[in-house]
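**Student:** Pasting a structure here, questions to come.
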Amino acid sequence: MNCQRFDDIINDVAREQIMDATLRHEAFRHIGECPTCAARLNGEQALTHQLQDFALTTKSMSAPERVEAHLLEAFDSQSLVRRQPVRRASGSRYWLAAVAALVLIACALFIARSWQTRPPEEAGVTNLPERPEADRHEVSAASSLRPPAEKENQNQHPTVFRARSTRYRKERPLSPASNALAASLLNTEITTDFLPVTYGSMANLDAGGQIVRVELPRTTMANFGLPVNMERSDERIKADVLLGVDGLAHAIRFVGKRRSLDLPK
Amino acid sequence: MKPIEYTDSDLLQLMLSGDREAFAQLYRRRQSNVYRFALQMSGAREVAEDITQEVFMVLMREAGNYDQGRGSVNAFLLGIARNHVLRRLKRERRLLSIDEATETTRAEEQLEELSRREAIESVQKAVLSLPEHYREVVVLCELQEMSYAEAATVLGCAIGTVRSRLHRARTMLIERLRPTTSEDLLNERLKSARCFA
């Protein structure tokens, strides 16, 4: 055994740890030959004894009794909380809530039905000027997924979708006032093209669809091959998800204020 | 009739079902380990007391998180204690050393006992002066007499890491305690004697 090998096991020897008998024998033979290692072992053994003395002085120490008293008190109070029966709603309250829920569902169904039966002029985009929030967007969902020639055509007659769970209707030309509003919105928001989410056919979209405004982690853009500014990777970004009549997401576009989107300008 | 000897895990299960006596028994069985660990790490009784209380409060709340496959209840408790001690030391960044009780009785001690106590004090100071990750292996392996494997469970690291940290920690302790060994003390005295000569 050399000094380096001895150094690896010196602690175990000094601490009298269980070790291989041959190794131990070799270690002791080495210290018989090497006075430096023998001195080191002496130092280590002395330290072991000192530490054992120190450990002995604290061996009998324990936390004061008041700690136990506090803990048992805490345990009792916790158990009381746990054992407290859960209050059940009274029968009348339960029925009241059920009736209210039924009324709400009926109302929702009625509104949805009447919305579907309304002619497109009422239900479509004509009321856009009354809602000047920045939630309205130019660029048709389908436009980005169609051939470029068709796209150009469409740019002359921009179509507006109502944001946040708004039904998607066939494209209609807008009044000049609406065009002006759309143009002003364009100045505040910038969007990517619609990017297909699934490999499914886009044909379903002709039957209608919905655009839903959502917020996603900015890093989601990377999944669609868009560049992400890593300094802002923990922020969120708005996106419009295009849902088909089948309820599945068909396409997505990312929306941001000018300068906030990590898109090449 | 011999009373039933419950294991720590049994007591923990009983405690989870609301058995107060099981909690008390587990506390009495394991509190001194937690208290001593906190005391040896911090050097202060009040810190050790607070930490013991906190550890068992955590046990009350989070006993359900204990996984028998990952180690003993003792290791689980010491793991919690370690987190609390480190947080406390980080917050306070101070080490309180010898307790008042030790000071008052010291005068009554015999000279031999006094020198022994001083030696222990110097060891305690040397242990407390170690960086935390070295100190904890010394406390666990040397003072709590845990195996490398048990210490590794408490610290959440590999056995090899425990071994190498302990090796380094012991070397540091020897260096720090060296001036107090008789030979060095003699050398120191000789040096100072020469200065006054």
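**Student:** Net charge around B:VAL73, counting only other residues with Cβ within less than 14 Å of its Cβ (Lys, Arg = +1; Asp, Glu = -1)?
**Tutor:** With Lys, Arg at +1 and Asp, Glu at -1, the net is -1.
**Student:** Remind me, relative contact order of segment B:1-95 in percent, using alpha carbon pairs under 8 angstrom and six or more residues apart?
**Tutor:** Over segment B:1-95, the number comes to 28 percent.
**Student:** If you don't mind, there's one more thing I want to ask. So, how do all the Cα-to-Cα distances of segment B:1-78 break down into 5 Å bins, in percent, from 0 on up?
**Tutor:** Over segment B:1-78, the share of Cα pairs per 5 Å bin runs 3, 16, 26, 24, 16, 10, 5, 1, 0 percent.
**Student:** Taking the beta-carbon count within 10 Å as an exposure proxy, list B:LEU140, A:LEU195, B:LEU16 from fewest neighbours to most.
**Tutor:** B:LEU16, A:LEU195, B:LEU140
**Student:** Using 0.36 nm per residue of separation minus the Cα-Cα distance, give me the extension gain between B:ARG87 and B:ARG70 in nm, one decimal.
**Tutor:** Length gained, B:ARG87 through B:ARG70: 3.8 nm.
**Student:** Once phi is turned into ³J(HN,Hα) by the Karplus curve 6.51 cos²θ - 1.76 cosθ + 1.60 with θ = phi - 60°, what whole-Hz value does each residue of segment B:155-160 show in order, with x for glycine and proline?
**Tutor:** 7, x, 9, 6, 4, x
**Student:** Right, next: Taking H placed 1.01 Å from N in the peptide plane, check which residues at least 5 places from A:ALA251 or on another chain put their amide H under 5 Å from its amide H.
**Tutor:** A:VAL197, A:LEU242
**Student:** Please report the net charge: other residues with Cβ closer than 9 Å to the Cβ of B:HIS167, K and R +1, D and E -1.
**Tutor:** Summing Lys/Arg as +1 and Asp/Glu as -1 gives +2.
**Student:** List the relative contact order of segment A:3-51 as a percent without decimals, with contacts defined as Cα pairs under 8 Å and 6+ residues apart.
**Tutor:** In percent, rounded to a whole number, it is 46.
**Student:** What net charge is computed for the residues neighbouring B:ASP8, neighbours being all others with C-beta under 14 Å from the C-beta of B:ASP8, Lys and Arg scored +1, Asp and Glu -1?
**Tutor:** Neighbour charge sum, excluding B:ASP8 itself: -1.
**Student:** Please list 3J(HN,Hα) in residue order for segment A:240-246, calculated via the Karplus relation 6.51 cos²θ - 1.76 cosθ + 1.60 where θ = phi - 60°; whole Hz, with x for glycine and proline.
**Tutor:** The phi angles translate into 9, 9, 9, 9, x, 5, 6 Hz.
**Student:** Then there is this: Give me a comma-separated list of calculated 3J(HN,Hα) values for segment A:94-111, in order, Karplus coefficients 6.51, -1.76, 1.60 applied at θ = phi - 60°, integers in Hz, x for any Gly or Pro.
**Tutor:** Taking θ as phi minus 60°, the curve returns 4, 5, 4, 5, 5, 5, 4, 5, 4, 4, 4, 5, 4, 4, 4, 5, 4, 5 Hz for segment A:94-111.
Bear in mind these aren't lab numbers, they're just calculated from the coordinates by the rules spelled out. No experiment lies behind these values; they were computed from the predicted model shown. Ideal geometry is used to build each Cβ from the backbone, glycine not excepted, and the neighbour counts take in all protein chains shown.
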